[in-house]
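S.K.: Before I ask anything, here is the structure I am working with.
We did not get these values from a lab; they are worked out from the coordinates using the rules stated. Quantities reported herein were computed from a predicted structural model and do not represent experimental measurements. Please note: Cβ atoms are built from the backbone with ideal geometry, for glycine as well, and neighbour counts cover all protein chains shown.
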Protein chains: 2
Amino acid sequence: MTDCSHCPVGDSAICAGLSAEALECLGHLGRKQKVRRGQTLVWEGDEALVVANVISGILKLSISTADGREQIVGVVFPSDFIGRPFGKESPHSVTALTDAELCVFTRSAFDGFARQHPDLQNRLLMRTLTELDRARHWMLLLGKKTASERIASLLLEVSDRMGDGAAKAAAGLPEVFEMPLDRQQMGDVLGLTIETVSRQLTKLKGAEMIDLPNRRTVVIQDRARLRNLALAA
Amino acid sequence: MTDCSHCPVGDSAICAGLSAEALECLGHLGRKQKVRRGQTLVWEGDEALVVANVISGILKLSISTADGREQIVGVVFPSDFIGRPFGKESPHSVTALTDAELCVFTRSAFDGFARQHPDLQNRLLMRTLTELDRARHWMLLLGKKTASERIASLLLEVSDRMGDGAAKAAAGLPEVFEMPLDRQQMGDVLGLTIETVSRQLTKLKGAEMIDLPNRRTVVIQDRARLRNLALAA
DNA sequence: CACCTTCATTGACTCAGGTCAACAGTTCAC
DNA sequence: GTGAACTGTTGACCTGAGTCAATGAAGGTG
């Protein structure tokens, strides 16, 4: 069991807003689990035995073709929810991109709890709707955008989801972040190869829209221009 | 208001399983509306004023770049739900591909009703989770599959969602259906141009996996081989 | 510190799918 | 039934991104 009262994501995860009793009860069902970078928690097509809240760390959701081509279909940040409630097999693999800490529930226990708690289901619905919107916008990127437009979109999205880059930029602060994905993974999210990712990053750097002080750090130097590129205008 | 008792999709839409009283109440909020082929009900970015159940007909959900490139992000069939509950602007346009009949609710009335009816929210959650799975599998197609693999995937998906092609095939029946999308729309779902769609269809026909007796009719002649192609094996 | 491994960049070349253009089949109006 | 307007097919050519291969830069390890 878990003590939810000091949970670092307690006010933004799906648990937020539950009554003290409900939270106590949910705490009895969950257990904290650490996973190491690179570790795969769930494999695509496996029975969906667990669901979890992300406490810290970043994970990827991915799907592969029969011959091994992989597409990353989601990137999951702290306070996000992972797993497929109310379904018997997992539609994608879940792999840690960094060391991570999760609050894990067996799916059956979670499903049962959710059925008793409409407010939890409501929050889950909100999140799922948001994820669906995000996935569909990514379909536009994958279906219609050029390589440089894709890279621009990714940089802005990651900047916003990691530390709220837009707000920083608006406040006049420098917009710098650590990219949690390596070049291969960036390619797998964007439907591009590692070489194309590298070339386009170099191009954006040459155009002074971004800077890349080292392999993981990204500085957004000209958000307006990058945003224009991302929107494919 | 609407009489739900004779609704043709009443047992498969989200309304299924509601109590007689709840259904009566929901019926008072909804109204039937006919839309003509080609008509756009909601524009991307507009305030999301309505949600609806599809009674008959087929509609597309689409998103565009600033310079007008369009991606179809969903195709909606009878008994499916459209609109974005609990959100103030629509993330995509909704356009009828055939004449269609809808059961429309104002979003505010629907949201209010849903909040009172956890079982409705639960059904909405199930559907949204399924849609999310579908969208993510489509991301694999858009990011990693070749043109012929995409076409094969689309033909099988439409065959299954229209008249349950898999079941027909298993029962030894001929697998024939009317494709609700024209070549341009097929391209817009698949992230391909109209010419590539046409060429790949001709190729599949030449390989005797399908037949195309006229521009809208598709016959699946060799489901096993088509399926293998779609899985990218 | 030197060595090794891993990850990223760059270059040369190829090719799947896009673009542009001609044409053929359907559908519909009159 | 004839012609006009779409919609789809086919061909020739082009190009953006993929492939293959060499090189370079960063960490990690003993």
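S.K.: Quick check: the angle from helix A:118-144's long axis to the longest principal axis of chain A, C-alpha only, nearest 10 degrees?
M.R.: 20
S.K.: Please list log₁₀ I(q)/I(0) at q = 0.08, 0.12 Å⁻¹ for chain B, using the Debye equation with identical point scatterers on the alpha-carbon positions.
M.R.: Log-scaled intensity ratios, in q order: -0.33, -0.72.
S.K.: Relative to the longest principal Cα axis of chain B, at what angle does helix B:20-29 sit, 0 to 90 degrees, rounded to 10?
M.R.: That helix lies at roughly 80 degrees to the long axis.
S.K.: Moving to a separate point now. Between B:R216 and A:T98, how many nm apart are label points set 7 Å from Cα along the C-beta direction?
M.R.: So the two model labels end up 5.3 nm from each other.
S.K.: Quick check: net charge around A:L18, other residues with Cβ under 10 Å of its Cβ, Lys/Arg +1 and Asp/Glu -1?
M.R.: -2
S.K.: If you don't mind, there's one more thing I want to ask. Output ³J(HN,Hα) for the stretch B:70-75: one whole-Hz value per residue in order, computed from phi by the Karplus curve 6.51 cos²θ - 1.76 cosθ + 1.60 with θ = phi - 60°, and x for Gly and Pro.
M.R.: 10, 10, 7, 9, x, 10
S.K.: Straight-line reach from B:K144: which lysines fall under 29 Å, measuring Cα to Cα and dropping same-chain residues less than 8 apart?
M.R.: A:K60, A:K88, A:K144, A:K145, A:K203, A:K205, B:K60, B:K203, B:K205
S.K.: Another question about this same structure. How tilted is helix A:194-206 with respect to the longest principal axis of chain A? Cα atoms for both, answer in degrees (0 to 90, nearest 10).
M.R.: For A:194-206 against chain A, the angle is about 60 degrees.
S.K.: How large is the Kirkwood hydrodynamic radius of the stretch B:145-230, in angstrom, based on all distinct alpha carbon pairs?
M.R.: In the stretch B:145-230 this quantity evaluates to 12.7 Å.
S.K.: Continuing with this model, one more query. Measuring nothing but label to label, 7 Å from Cα along Cα→Cβ, what are A:N228's distances to the other copies in nm, shortest first?
M.R.: 5.1
S.K.: Put the label 7 Å from Cα along Cα→Cβ for B:A147; what are its distances to the other copies, in nanometres, shortest first?
M.R.: Relative to the other copies, B:A147 has label-point distances of 2.0 nm.
S.K.: In peptide B:59-65, what is the residue-averaged number of other protein chain Cβ atoms found within 10 Å of each Cβ?
M.R.: For this peptide, the per-residue mean of nearby foreign Cβ atoms is 3.
S.K.: If you don't mind, another one. Could you work out the local net charge near A:A147, counting Lys and Arg as +1, Asp and Glu as -1, over the other residues with Cβ closer than 10 Å to its Cβ?
M.R.: Net local charge, A:A147 excluded: +3.
S.K.: What order do you get for A:H92, B:H28 when you list them from fewest to most C-beta neighbours inside 10 Å?
M.R.: Fewest-to-most ranking of A:H92, B:H28: B:H28, A:H92.
S.K.: Another question about this same structure. Sort B:I72, A:I55 so the one with the fewest other Cβ atoms within 10 Å of its own Cβ comes first.
M.R.: Fewest-to-most ranking of B:I72, A:I55: A:I55, B:I72.
S.K.: Could you work out the mean count of beta carbons from other protein chains within 10 Å of each residue's beta carbon in B:123-134?
M.R.: 6
S.K.: Suppose a student asked you for the relative contact order of chain B, using Cα pairs under 8 Å spaced at least 6 residues apart; what percent would you report?
M.R.: 18
S.K.: Report, as an integer, the average count of C-beta atoms from other chains found within 10 Å of each Cβ along B:68-77.
M.R.: 4
S.K.: Also, quick follow-up: Could you tell me the relative contact order of the stretch A:4-141? Use alpha-carbon pairs under 8 Å, at least six residues apart, and round to a whole percent.
M.R.: Value for the stretch A:4-141: 31 percent.
S.K.: Where does the charge balance sit around A:Q221 when Lys and Arg score +1, Asp and Glu -1, over other residues with C-beta under 15 Å from its C-beta?
M.R.: Here the charged neighbours net out to +2.
S.K.: Compute the distance from the alpha-carbon center of the stretch A:82-110 to that of the stretch A:197-233, in whole Å.
M.R.: When both Cα centres are located, 33 Å separates them.
S.K.: Hey, another quick one. For the stretch B:52-67 and the stretch B:20-42, compute the distance between their C-alpha centroids and round to whole Å.
M.R.: Cα centroid to Cα centroid, the span is 16 Å.
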